[in-house]
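J.: A single structure is presented below for examination.
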Amino acid sequence: MYFHTINKAEPMGRTLMLAWILVLCLWQILPCVPKVEKVTNLHFFLHETTGGADPTAVMVAPPDITSNDNSSPVPFGSVFAIDDPLTVGPERNSGVIGNAQGLGVSASKDTTTVVLYLDFGFTKGKFNGSSISIFSRNPVIEKERELSVVGGRGKFRMAKGFALLKTYFLNETTVIVEYNVTVIHY
Ligand SMILES: *[C@@H]1O[C@H](CO)[C@@H](O)[C@H](O)[C@H]1NC(C)=O
Ligand SMILES: *[C@@H]1O[C@H](CO)[C@@H](O)[C@H](O)[C@H]1NC(C)=O
Ligand SMILES: *[C@@H]1O[C@H](CO)[C@@H](O)[C@H](O)[C@H]1NC(C)=O
């Protein structure tokens, strides 16, 4: 079937050569038996502290404009470095299972969205040493939101998936977010 477009008047040599190329290609491809996809559900809480003596998210670049609504804690254009602990339960002392490291950028003019570029690394259990990469807009003012999982490391190599988020607790300096992550990986 692969050859049905080849002109019959063509010299045989060229057709044979194409056939050999195809055979060689198949020979290269066939030993790669497709791996079975796995689906893993992760449930944890992320703790972010923006104030006090030991913040886990700090502004590293303020916006260089004056037209911002200065009352927002995340003025449009500000960039944050993040290293937030992840715990089993909502309490800060419920057991740390990893951390989320990366950047948050206040990327909407109305300051309702922070785009997150985060690596969620795990330090406990069977996913110790593995991580998932999240790159997504996060409409922080909505109580529930969805972020995309775009990759991973270790056991989560080639991962894709999504995370469902719910704000569990919020005050001026602390936010606790519940994460339900569905990860498809190999
Ligand atoms: C996680 O992996 C690191 C590095 O391999 C190891 O030092 C540590 O003991 C492991 N922790 C757990 C809880 O398995
Ligand atoms: C996570 O899943 C649990 C169990 O299905 C559910 O009770 C909880 O509301 C979910 N949380 C989020 C943030 O989706
Ligand atoms: C916010 O909540 C945290 C955790 O309960 C607490 O440690 C902190 O003092 C609170 N901050 C303010 C400004 O109320």
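J.: So which lysines pass the test for Lys35, namely a Cα distance under 26 Å, with those fewer than 8 places away in the same chain ruled out?
T.: Partners found: Lys124, Lys126, Lys155, Lys160.
J.: Also: Below 28 Å, Cα to Cα, which lysines can Lys109 reach? Residues fewer than 8 away in the same chain don't count.
T.: Lys143, Lys166
J.: Please list 3J(HN,Hα) in residue order for the stretch 123-138, calculated via the Karplus relation 6.51 cos²θ - 1.76 cosθ + 1.60 where θ = phi - 60°; whole Hz, with x for glycine and proline.
T.: 10, 9, x, 6, 9, 3, x, 9, 8, 10, 9, 10, 9, 6, 6, 10
J.: Tell me the label-point distance for the pair Ala53, Val39, using the 7 Å Cα-to-Cβ offset, in nm and rounded to one decimal.
T.: 4.7
Every number here is computed from the coordinates shown, using simple stated rules; none is lab data. This is a predicted model, so every value here is computed, not measured. Because the Cβ atoms are built from the backbone with ideal geometry, glycine has one as well, and the counts that use them run over all protein chains shown.
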